[in-house]
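**Q** Below you'll find the structure I mean.
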Amino acid sequence: MTIIESIRGEYERYQRLAESAMAQVEEPQLSAAPSAESNSIAMICWHVSGNLKSRFKDFLTTDGEKPWRNREEEFDTRTVTRAGLLAKWKDGWTTLFAALGELSDDSLTKEVTIRGQAVSVMEALHRSLAHTSYHVGQIVYLAKEGAGAGWTSLSIPKGQSAAFNQNPSGQKPHEHVARLERK
């Protein structure tokens, strides 16, 4: 497995994790923020999508903060449908995966710019993966709160660590999420 394939696998895992979490909430909960100072799942999805699209459109040849991106608008309060949210969400991921498809491990030492600062492709990918996983964690938390008692754990459920350790067949988190999706 190459480094690029490994990074792609982690992105795919976080994409599935967020989508599995969002699938567990009713449509109105996608637009609901816990407080006036908080973000909704929709806001976070708009932000992640906008970030991925900006960073990875023409990744190797243009600055990662595109002039057309309006980051502040990503956090506007909005009421969304599930279909509308997923279309916006997937738009960013499609851009990311297209860019990753053009990279090889030989690309990792090349330079790209983000907000005028030169960084290696490897650093840009790690920063983006960390940023994305941070926001996926927020999505999972909001979805879990929204689903309440109906929540199906996306990792090892509370109180089941010992049983899991006896049979760690789901050791790789992406395998556990994939099993949930097949249910």
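**Q** Considering (1) over 17 Å from the mean Cα position of the chain (by Cα); (2) in contact (Cβ under 8 Å) with a residue 60 or more places away in the chain, say which one Ala18 fails and leave the rest.
**A** (1)
**Q** Another question, then. For region 104-114, give me the residue count where each residue is within 21 Å of the chain's Cα centre (by Cα) and open to solvent by 20 Å² or more (accessible area, probe 1.4 Å).
**A** Number satisfying all stated conditions: 0.
**Q** Pairs, please: C-beta under 7 Å, at least 6 apart or cross-chain, first residue β-branched (Val, Ile, Thr) and in region 146-168, second surrounded by 10 or more Cβ atoms within 10 Å (Cβ to Cβ) and at pLDDT below 90?
**A** Thr152/Leu180; Ile156/Phe164
**Q** Checking Gly159 against (1) more than 15 Å from Thr61 (Cα to Cα); (2) part of a helix (DSSP H, G or I), only one condition comes out false. Which one?
**A** For Gly159, the failing item is (2).
**Q** Let me ask you something else. Taking the stated definitions as given, is Val25 open to solvent by less than 60 Å² (accessible area, probe 1.4 Å), of a type in the set (A, V, I, L, M), within 23 Å of Ser155 (Cα to Cα) and not in a helix (DSSP H, G or I)?
**A** yes
**Q** If you go through region 48-106 one residue at a time, how many are among the polar types (S, T, N, Q) and in contact with a Phe, Trp or Tyr (Cβ under 7 Å, 6 or more places away or on another chain)?
**A** Number of matching residues: 2.
**Q** Mind checking which residues of region 40-73 are open to solvent by 50 Å² or more (accessible area, probe 1.4 Å) and under 19 Å from Ala87 (Cβ atoms)?
**A** Lys53, Lys57, Trp68, Asn70, Glu73
**Q** Next up: Give the residues of region 102-140 that are more than 16 Å from Val48 (Cα to Cα), in a helix (DSSP H, G or I) and free of Cβ contacts under 8 Å to residues at least 12 places away in the same chain, sorted by residue number.
**A** Asp106, Glu123
**Q** Shifting gears a bit: Kindly establish whether Tyr141 is open to solvent by 60 Å² or more (accessible area, probe 1.4 Å) and within 18 Å of Trp93 (Cβ to Cβ).
**A** no
**Q** Out of all the residues in region 160-180, is one or more at pLDDT 95 or above and among the β-branched types (Val, Ile, Thr)?
**A** no
**Q** Can you spot a residue in region 8-22 that is in a loop (DSSP other than H, G, I, E, B) and farther than 16 Å from Trp93 by Cα?
**A** The answer is no; no qualifying residue exists.
**Q** Where residues in region 74-101 are part of a helix (DSSP H, G or I) and among the hydroxyl-bearing types (Ser, Thr, Tyr), which of them is least open to solvent (accessible area, probe 1.4 Å)?
**A** Residue satisfying both the conditions and the ranking: Thr95.
**Q** Would you pick out the residues in region 28-47 that are outside any loop (DSSP other than H, G, I, E, B), of a type in the set (Ser, Thr, Tyr) and touching a residue at least 60 places away in the same chain (Cβ under 8 Å)?
**A** none
The values are calculated or read from the model by the stated rules, or taken from the named source; none is laboratory data. Fair warning: this is a prediction, and the values are worked out from it, not measured in the lab. Ideal geometry is used to build each Cβ from the backbone, glycine not excepted, and the neighbour counts take in all protein chains shown. In case anyone asks, the SASA skips ligands and DNA or RNA and just uses the protein heavy atoms, side chains included. Shrake-Rupley method; radii C 1.70, N 1.55, O 1.52, S 1.80 Å.
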